Amino acid sequence: ECVSNNRGVVYDLIASHGNVEDMVFFAVLMQDFEKVISHYLQQDDYNGALLILRKQSDVELYYKFSPLLMQYIPKETVTAWIAKSAELEPMKLIPALVQYDHDKYREQGNEAITYLEFCVEKLTNKEMAIHNYLLSLYAILRPDRLMQYLDIQGTDPDEICYDLKYALRLCMEHDRKKACVHIYSLMGLYEEAVDLALDVDVELAKTQAEKPEDTDDELKKKLWLRIARHVVEKEKDVKRAMEFLHECDLLKIEDILPFFPDFVTIDHFKDAIITSLQEYNSHIETLKEEMDEATGSAEEIRKEIQSFRNKYSTVKANDKCAACNYPLMTRGFYLFPCQHKFHSDCLIEEVIPNLTTTKKNRVVDLQRKLAEHESSKLQQQQSNDLSSLNIPKHLDIKAELDDLVASECLYCGDFMIRCVDKPFIDEEEEDQSHSSWN
């Protein structure tokens, strides 16, 4: 305990005699590994320092000495990290990963890639800083692995672990065009992706042109036209441009014709013109058939309308309302073609709960106006003055009310289908039923 509390004095005493071996032995005995490692580093014995580092258990010493060790013995240092991976935090080793000597940059970079790949593949690390640095090393040192990494990351922006904008800037800086095309596509910048892909390979551009959603036909057509224009104007390959008509159904011969130079003869696209004319002819025939069908349907509708004008139904004295089961003739009623019959007020009472708020308010307003009209009509009849009675306005109000509440039968129309999941009794009635049973 006395030696441990006064280790500084002991160090000075041993050092004053120049006995380095004893000083190292004493430091190990005191488990002062930081001093031992510092001693080996001062002597440029990096392997000895790493050996002591691996024997001790304090991970903080890894973070402290790894930057220097990574510069001189990168392979051995990375091997030690991997062996200690369960306790080390990769994020805290980034300062060591970015430390490099220009003379040994490639060696250190490749070893950094080895460790980062271990973190991503074996430890399934998702931290953006780790993935961004790995991607930067791929772009600079291992472009052959860059596209493989991007493909493994997938196409869902929410699942990708690297920063898209940083990756795009990095790949453009190092002229990794295929990677830039891939990132443009992930960002939804399909036009930029196609333009850049045309500098690499037409087939790659065609792949990008198919990536927009199927619903966006206008964008797809625009992208294919860019490719066709490039093939005609830059590559002077008219025949290949004509093949696009078979690869993309959205393109027509008239879309590509403006790109052709003046000296091109009709022989180059004679077959395409014939095919296009045949398609137009077929389309015209289809339209004619549709027009004939529409004309026939219109004629049938006119006949049905005419027949409805002469159609009638008989209401018997003992007929009852389908809603309240009281005699129908006692007050105003609605009669539907399906032979269901409802009192006007019963139908309105059943329909109102299922209308929107706006329509509910409108129905109430129309009922109020009808009531006022009936009241004024009664007063004028009593005074024998019917000259100011507005009959047309009354009919308009009645027609609008009919349209809101009686456009379809309550039991046979869409209303009944929409109510198929509605309980026979509501929650309040159900609670009352339960309480009555108890």
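Between Phe333 and Ser344, the built amide H atoms are under 5 Å apart, and every one of these is 5 or more places off in sequence or on another chain. Between the amide H of Lys320 and those of Leu328, distances stay under 5 Å, these residues lying 5 or more places away or on another chain, with hydrogens modeled in the peptide plane. Annotation: Lys55 carries an accessible surface of approximately 150 Å², with a 1.4 Å probe and no ligand, DNA or RNA atoms counted.
Give, as a single signed number, the net charge of other residues whose beta carbon lies under 15 Å from the beta carbon of Leu401, with Lys and Arg counted +1 and Asp and Glu -1. It works out to a net charge of -4. Annotation for Val200 and Asp144: the two label points, set 7 Å from Cα along the Cα-Cβ direction, are 1.8 nm apart. Computed on protein heavy atoms with a 1.4 Å probe, the accessible areas place Lys220, Lys122 in the order Lys122, Lys220, largest first. Among the listed pairs Lys92/Lys178; Lys84/Lys122; Lys359/Lys398; Lys64/Lys84, those whose Cα-Cα separation exceeds 21 Å are Lys92/Lys178. Figure note: Thr215, Thr330, Thr77 ranked by solvent-accessible area, largest first, 1.4 Å probe, ligands and nucleic acids not counted: Thr215, Thr330, Thr77. Among the protein heavy atoms, those of Cys161 account for about 10 Å² of accessible surface (1.4 Å probe, every chain in place).
The values are calculated or read from the model by the stated rules, or taken from the named source; none is laboratory data. It should be emphasised that the depicted structure is a prediction, and the values quoted were computed from it without experimental measurement. Note that we place each Cβ from the backbone using ideal geometry, even for glycine, and neighbour counts take in every protein chain shown. All accessible areas refer to the heavy atoms of the entire protein, side chains included, with ligands and DNA or RNA removed. Shrake-Rupley method; radii C 1.70, N 1.55, O 1.52, S 1.80 Å.
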